[in-house]
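A.B. asks: Structure in structure tokens, see below.
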Amino acid sequence: MQYIKRVESVFEIIAEPNRRAILSLLVSSQQSVGAIERQLRMPQPTVSKHLRVLRDAGFVESTVDAQRRLYRLKPGPLQEVDDWLAPFRRFWSAHVDALERHLDRMEHMDLVDEPTSAKRKTQKKRREPDKGEMK
């Protein structure tokens, strides 16, 4: 039950679009508040508010570098989301694999039937009168 509550809070945190945008920026490299502010075109107080929520929830951590604070991603809470999604991935993977097998069978059947369909097209063309003959 505690795991479910923890995952719910993780989803509540990443449900906010600005926080997801910040997390997306931090995937590639650590960023300062100013860099996040410029890239997302958000006011500094808004960026700081969202970073505080993300830090308190364990999504990010910060280090001080001279005059600025750098934020980087912490994978822990996102790993919990990934763990929660795993059964759904397996479910969809099985269905996508079945679809792929079905499409491969259909393609194979089309290749086998192709000479027959080519004959039909040729026979159909022979039956159609030439446009010059209609006059």
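A.B. asks: Can you give me the solvent accessible area of residue 16 with a 1.4 Å probe, rounded to the nearest 10 Å²?
C.D. replies: So the heavy atoms of residue 16 present about 50 Å² to solvent.
A.B. asks: Using 0.36 nm per residue of separation minus the Cα-Cα distance, give me the extension gain between residue 18 and residue 100 in nm, one decimal.
C.D. replies: 25.8 nm
A.B. asks: Please list, in chain and number order, the residues 5+ apart from residue 60 or on another chain whose amide H is under 5 Å from its amide H, with Hs placed from the backbone.
C.D. replies: 55, 74
A.B. asks: Once fully extended, how much extra length lies between residue 35 and residue 63, figured as 0.36 nm per residue of separation less the alpha-carbon to alpha-carbon distance?
C.D. replies: 8.6 nm
A.B. asks: What does the extension gain come out to for residue 28 and residue 83, with contour length at 0.36 nm per residue minus their alpha carbon separation?
C.D. replies: 17.6 nm
A.B. asks: While we're on this one: Under 18 Å from a point placed 7 Å out from the Cα of residue 91 along the Cα-to-Cβ direction: which residues of segment 8-28 have their backbone N that close?
C.D. replies: 8, 11
A.B. asks: What are the ³J(HN,Hα) couplings of segment 24-41, residue after residue, when phi is run through the Karplus curve with 6.51, -1.76, 1.60 and θ = phi - 60°? Round to Hz, x for glycine and proline.
C.D. replies: For segment 24-41, the Karplus curve yields 4, 5, 6, 4, 7, 6, 5, 9, 8, 4, x, 5, 5, 4, 5, 5, 9, 6 Hz.
A.B. asks: I want the local charge near residue 43. Using Cβ-Cβ distances under 12 Å, sum +1 for each Lys or Arg and -1 for each Asp or Glu among the other residues.
C.D. replies: Overall, the nearby charge balance is +2.
The values are calculated or read from the model by the stated rules, or taken from the named source; none is laboratory data. Because the structure is a prediction, the values reported are computed rather than measured. Virtual Cβ from ideal backbone geometry, glycine too; neighbours counted across all protein chains shown. Just so you know, the surface numbers come from the protein's heavy atoms only, side chains and all, with ligands and any DNA or RNA stripped out. Shrake-Rupley method; radii C 1.70, N 1.55, O 1.52, S 1.80 Å.
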